[in-house]
Amino acid sequence: DAGVIQSPRHEVTEMGQEVTLRCKPISGHNSLFWYRQTMMRGLELLIYFNNNVPIDDSGMPEDRFSAKMPNASFSTLKIQPSEPRDSAVYFCASSRKQGTDTQYFGPGTRLTVL
Amino acid sequence: AQKVTQAQTEISVVEKEDVTLDCVYETRDTTYYLFWYKQPPSGELVFLIRRNSFDEQNEISGRYSWNFQKSTSSFNFTITASQVVDSAVYFCALSEAGRDDKIIFGKGTRLHILP
């Protein structure tokens, strides 16, 4: 079975540019989570969806960040405009159902904003 | 509020030694779930175990074992006869049933297995 798929795996961009990260959850999973990992702050939950509906976006750092889940098999995390402090590894995870079920993580997207 | 503490930031042991990674959690719920994840140098996060609060039996999987003690709010992870491939960052995590849908992760313990 395919795991969570993320693209791109690496992204290098210049400050001010728009960045779009993509995620395909495991088929049959109803919940999808976006995380950011940095050395300073560790693993932070940005937003999560259940049945394609955003449930909690309190972790989204600011209005420059937005996330969508147009259908059960696809989600995007967009940063516009990007800033150097957005440099991090962004993980997408999915679980069969919300909350306490096990989350399975994608390989991550390493974002570098110059 | 829920909280996960991994007091050991970094541990180094020589190959074949046993090593225990500590995890202490805080929760007001009686029903909750505990997790361990491994993040090897390649960067992916690999699920290791999920344990619910009503199951205090210790778990063993090969060289890995987990000791869940509600009395001390701990969920420690032991690697027996460590190997270099065990070098990774290990995260403990907690989720409270029926509250919200978040898993709260600890800061992680970086484990170095020296050859």
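A simple packing score, the average count of other Cβ atoms within 10 Å per residue, orders the peptides B:103-111, A:83-91 as B:103-111, A:83-91, with the highest score first. For the protein assembly as shown, the dipole from Cβ point charges (+1 on Lys and Arg, -1 on Asp and Glu) about the Cα centre works out to 260 debye, to the nearest 20.
When A:Asp63, B:Asp55 are sorted by how many other C-beta atoms sit within 10 angstrom of their C-beta, beginning with the fewest, the order is A:Asp63, B:Asp55. Among the residues of B:42-48, the average count of other protein chain beta-carbon atoms within 10 Å of the residue beta-carbon is 5. Dividing the convex hull volume of the alpha-carbon atoms in segment B:50-91 by its residue count gives 83 Å³ per residue.
Here the protein assembly as shown is treated as an ellipsoid with the same Cα gyration tensor; its semi-axes, largest first and in whole Å, are 30, 21, 15. Taking a ≥ b ≥ c as the square roots of the eigenvalues of the Cα gyration tensor of segment A:70-114, is the shape rounded (a/c under 1.5), prolate (a/b larger than b/c) or oblate? Because a/c hits 1.5 or more and a/b exceeds b/c, segment A:70-114 counts as prolate. Annotation: chain A has a Kirkwood hydrodynamic radius of 13.9 angstrom, from the mean reciprocal C-alpha pair distance.
Converting phi to 3J(HN,Hα) with the Karplus coefficients 6.51, -1.76 and 1.60 and the offset θ = phi - 60°, segment A:50-57 yields 10, 6, 6, 9, x, 9, 8, 10 Hz in sequence order, with x at every glycine or proline. Pairs exceeding 22 Å between alpha-carbon atoms, taken from B:Lys3/B:Lys107; A:Lys68/B:Lys3; A:Lys24/B:Lys3; A:Lys24/B:Lys107; A:Lys78/B:Lys3: A:Lys68/B:Lys3; A:Lys24/B:Lys3; A:Lys24/B:Lys107; A:Lys78/B:Lys3. Annotation: amide H of B:Ser53 within the under-5 Å range of B:Tyr32, sequence separation 5 or more or interchain, hydrogens built in the peptide plane.
Every Cα-Cα pair of chain B was included, and the share exceeding 24 Å stands at 21 percent.
Counting Lys and Arg as +1 and Asp and Glu as -1, what is the net charge of the other residues whose Cβ lies under 14 Å from the Cβ of B:Asn76?
-2
All of the numbers you see were taken from the coordinates with simple rules; none came from a lab. On a predicted model such as this, the values are computed, not experimentally measured, just so you know. In this analysis, Cβ positions are derived from the backbone assuming ideal geometry, glycine residues included, and neighbour counts consider all displayed protein chains.
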